[in-house]
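Visitor: Here you go, one structure.
The numbers here are math on the coordinates, done by the rules we state, and not lab data. Predicted, not measured: the structure shown is a model, and the values here were computed from it. Here the Cβ is made from the backbone with ideal geometry for all residues, glycine too, and neighbour counts use every protein chain on show.
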Amino acid sequence: MQKTNRARFFLALVIFSLTGQIAWVVENMYFNVFIYKMFNASAAQISAMVSASAVAATVTTLLIGALSDKLGKRKLFICGGYILWGISILSFALIRVDVISALFPMAASASAIGVTLVIVMDCVMTFFGSTANDACFNAWLTDVTDSTDRGAAEGINAMMPLVAILAVFGGFMSFDLGKQESWTTIFCIIGGAVIVIGVLGLFLVHDPVLKLDGNRNYFANIVYGFRTAVMRQNPRLYLCLAAFALFNISIQIFMPYLILYYTVSLKMDNYVLIMAPAIILAAVFTAFWGRVYDRIGFTRALIPALTMLCCGYLVLFFCRTTLPVFLGSLLMMCGYLSGMAVFGAVIRDYTPENRSGMFQGLRIVSQVLVPGVIGPAIGAAILKNAETVLGDDGTLSFVPNENIFLAALLAAFVLAVFLIPVFRVIRKADTKSNEKAV
């Protein structure tokens, strides 16, 4: 497998991963707050937005990942995708109540139109983001790493969501998210940054040399990973993808409502100051844990990560005061991100060479589509009869409660049971591989 210049590679990894995750943080965590505060969205509407985005991400990754394999090009899709991704983020600055009211003066509810516009444009933004990041950046990362450094690279990649959360929370902590002007500024800053990184990538990213299968039909590439023959040839990969889906369902039960839980339920207006140390510590731990994976393997690296995640859920379910919430959040974040690093590395390890683009769609099915539909729906069902609060504008909004963490814990237990046969299959396959090597 071809290697790029290592310093250049790690620079590209850090800036593209971090910028992409900052954009995803704005979408996955701040869009929920945006439509909640600006358009009084319900839990069901937030769930619908997350689900629609998950479908858009999956379809995009399947189509573009296979196309990038067919053409043997990653750089074009990465850089062009980031530039268009940034432009689509900028467009959210125009989704405002005053603009909607001016364009649709006869509309009964500007808020209803606003929610619909946000959901539609979220899918458009997801198309460009998944093209650049989910499909092609992740395929490129698989192409230019191997089993000797994949855990280390994935540790850096997996810690970026937390670093991104810190950057976004810290950068915008002084903003009043109840005011439209704050959101306009946020969208302009994030959109502009993503565009700049896309342009910078033209000078940083080198396409790996891929062994192209010119005779393979593009549409055959799209469905390649769903063929039963391919599944039989790669049982470890598909079992890990199934386990990854269960892991992410657990995360998506509470994640869309996390900021709202801190601010509305716990009334922690200074939650950024509370969360920042937890985020920094969890990010450092995740980078370290990626290297641990390279030494001890999937099974022994995943069990501690899941244990920390479940302990974090328990603390967050039972506790309401600042210090325990900090400790629970730290455990939850360490478990979440280290688990992401372990799953990300093992999936790359088991992905067939020169077909990484085709398999990015499958990764998104397990990371985004299935969890993005099931997880928020479970969370919305849990919060269906939640307490409501009267806003300054006279409208009622739901109040997320601690039951989302209990539901996430139950999903993690289901994952733990499923992992028992998964570990056995992996151990058996690894034993056979070692015997053949000898």
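Visitor: For the chain, take the longest principal axis of its alpha carbons; what is the angle in degrees between that and the long axis of helix 271-296, to the nearest 10 within 0 to 90?
Guide: For helix 271-296, the angle is close to 10 degrees.
Visitor: In whole Å, what is the distance between the alpha-carbon centres of the stretch 1-56 and the stretch 405-423?
Guide: Distance between centres, Cα-based: 25 Å.
Visitor: Please compute, over every Cα-Cα pair in the chain, the percentage with a separation greater than 42 angstrom.
Guide: Numbers: 11116 of 95703 pairs.
Summing the P(r) of the chain above 42 Å gives 12 percent of all pairs.
Visitor: How far apart, in nanometres, would the label points at residue 299 and residue 44 be if each is projected 7 angstrom from Cα along the Cα-to-Cβ direction?
Guide: Reported label-point gap for residue 299 and residue 44 is 4.6 nm.
Visitor: With viscosity set to 0.890 mPa s and temperature to 25 °C, compute the Stokes-Einstein D of the stretch 115-206, Rh being the Kirkwood radius across alpha carbon pairs; µm²/s, no decimals. Write down the numbers at each step before the final one.
Guide: Numbers: Rh = 15.7 Å.
Roughly 156 µm²/s, to the nearest whole number.
Visitor: Debye sum, Cα scatterers, the stretch 1-126, no solvent: what log₁₀ I/I(0) at q = 0.11, 0.14 1/Å?
Guide: -0.49, -0.72
Visitor: While we're looking at this one, here's another question. Quick check: the angle from helix 43-71's long axis to the longest principal axis of the chain, C-alpha only, nearest 10 degrees?
Guide: Helix 43-71 and the main axis of the chain meet at about 30 degrees.
Visitor: Using helices alone, what [θ] at 222 nm do you get for the chain, with -39,500 (n - 2.57) per DSSP H run of 4 or more residues, divided over all residues and rounded to the nearest 500?
Guide: -24500 deg cm²/dmol
Visitor: Over the stretch 259-394, with a single point scatterer placed on each C-alpha, what log10 of the ratio I(q)/I(0) does the Debye formula yield at q = 0.13, 0.18 1/Å?
Guide: Debye output, listed in q order: -0.72, -1.15.
Visitor: Would you mind counting up the charge near residue 78? Only other residues with Cβ under 15 Å from its Cβ, with Lys and Arg at +1 and Asp and Glu at -1.
Guide: Details: positive: 8, 73, 74, 75; negative: 69, 134, 143, 207.
Here the charged neighbours net out to 0.
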